[in-house]
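Notes follow the structure.
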Amino acid sequence: LEEIDDSTRTEAPTDSTDNLCRHIFTSRSRVSDLDLLLHEALETVLYEAMARDVIHEVYKPRVERLDVQAVLSSSVSTKSGKSNRLPIQCIGDIPFLQADSQLLRYIHRNAISNAIKYGKSGGNVDTILSFDIKENLLKVEVINEKGDNHDEIRKLSKEEYNRIVFSQGLSLHDNSRCGAISSGDGAWIMQKCAKTMGGSCSISFEEENTTFTFVAPAEPLVVTEISNAKEFEVPSSTVGIAIDDSKIQRKLMARILTYLGISPNRSRVIGTTPSEVMELKDIVTHLLQENPESNVLILIDENLDYGIEDGGEHIALSGSVIMQGILDELEPEQERRVLALVRSANDSTADVARYTERTHGFFPKAPMQKDRVREIIAPLWAERFLTGKG
């Protein structure tokens, strides 16, 4: 091969390579579009089958473990790239709930359709989620700015316009500008779906907004048994912070946060230097302010030692003491959204009791698999945020 004259070697034509790349890119894009189209078509078929069973009162809810925000976000993101106009946010922390995901998606999709129908054309439609822990009630509000006939509709009583919107075949718009949207059946079926979940739907034409509201009882997944704890993950809105002086331990703690369902883009792992540790209060305060509706999980090593390996000044810090000072200085509303745990190894019962007195609990510093991490965190999370004892 080395004897072959260089003059006989040829380069692949640049134009052909560019054309091939463009062809591959176009093909992949078309496959992706087709996949999205088929997914939406299949969802529509499933929804229609479910709606038929709901109308004839033969549908049996399929209760499963749900992260409500993730379920509704995934449903919105399939709607041909419209998710940027359909934001979903949580008020407070929402635990994993036991509910029927298909009914929930159907109600949400129809609430969006009707918010568009009766609200501002082309406006941003916001979804607000909240959960009443004391009453075990899930609330979903879908809000749009007021539409063309808003002021005329407001002349009707709330009872009257609710009766019309949620009746079969009726609409508040005799000649709706949204001709592509059916005139009433969607909201009628949505109300039946809500009743199947033990809840109800309503609409409110406020001064500047049109709001669809769905309320239903839902049991939170409060984990107290080990068999259930293996299924536990914190809500997707949770922010995680981990602090350790060891590079290896910081990597392990980052993994622990992912085991609990906290994505890397919602995590901060620090502790490289003493000054970084001393900035923890500012970091915690900033994340609480930046995420006003989220809970924050903090794992901090008890023995933070610096200067030993590099021959510098030896600095020893107590993670529990640092964390106690931060918790004491937080506003009550902020402190209620924090679960701070001290991580340490080979500690006596008295040591663990002291750490727990300063913070919210103890997390053992030992190699462990995902199931064991969840078994430890689940009851601590439930006691702090889901039982009202926190």
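Annotation for the stretch 93-168 versus the stretch 224-302: alpha-carbon center distance of 34 Å. Computed from backbone phi with θ = phi - 60° and the Karplus coefficients 6.51, -1.76 and 1.60, the 3J(HN,Hα) list for the stretch 203-208 is 10, 9, 9, 7, 4, 10 Hz; x is used for glycine and proline.
Applying the Karplus relation 6.51 cos²θ - 1.76 cosθ + 1.60 with θ = phi - 60° to the stretch 314-321 yields 3J(HN,Hα) values of 7, 10, 10, 10, 9, x, 5, 5 Hz, where x marks Gly and Pro. Only protein atoms count toward the accessible area here, which uses a 1.4 Å probe; on the stretch 292-390, the carbon and sulfur part of that area reaches 47 percent.
Peptides 49-58, 111-120: what's the order by average Cβ count within 10 Å, highest mean first? Write down the numbers at each step before the final one.
Working: 49-58: 13.7, 111-120: 23.7.
Going from most to least packed, we get 111-120, 49-58.
Rg and Dmax of the stretch 103-162, both derived from C-alpha coordinates alone, stand at 13.5, 39 Å.
Of the listed peptides 156-163, 317-324, 357-364, what is their order by residue-averaged count of other C-beta atoms within 10 Å, with the highest listed first? Kindly include the intermediate steps, with their values, before the conclusion.
On the way: 156-163: 13.0, 317-324: 20.6, 357-364: 18.6.
For the peptides 156-163, 317-324, 357-364, the packing ranking is 317-324, 357-364, 156-163.
Each peptide in 289-301, 199-211, 232-244 gets a packing score, the mean of other Cβ atoms within 10 Å over its residues, and the list from highest to lowest is 232-244, 289-301, 199-211. Solvent-accessible area of the stretch 113-172 (1.4 angstrom probe, protein heavy atoms only): carbon and sulfur portion equals 42 percent. Taking the three principal axes of the alpha carbon atoms in the stretch 275-390, the coordinate ranges are 47, 31, 26 Å, sorted in descending order.
Per residue, how much accessible area does the stretch 247-379 show when a 1.4 Å probe rolls over the protein heavy atoms, in square angstrom? Write down the numbers at each step before the final one.
Working: 6850 Å² over 133 residues.
Result: 52 Å² per residue.
Applied to the stretch 96-105, the Karplus parametrisation 6.51 cos²θ - 1.76 cosθ + 1.60 on θ = phi - 60° returns per-residue 3J(HN,Hα) values of 4, 10, 9, 7, 8, 5, 5, 4, 4, 4 Hz, with x for Gly and Pro.
The values are calculated or read from the model by the stated rules, or taken from the named source; none is laboratory data. Since this is a predicted model, take the numbers as computed values, not measurements. Methodologically, a virtual Cβ is constructed for each residue, glycine included, from the backbone with ideal geometry; neighbour enumeration extends over all protein chains shown. For accessibility, only protein heavy atoms count, side chains too; no ligands or nucleic acids. Shrake-Rupley method; radii C 1.70, N 1.55, O 1.52, S 1.80 Å.
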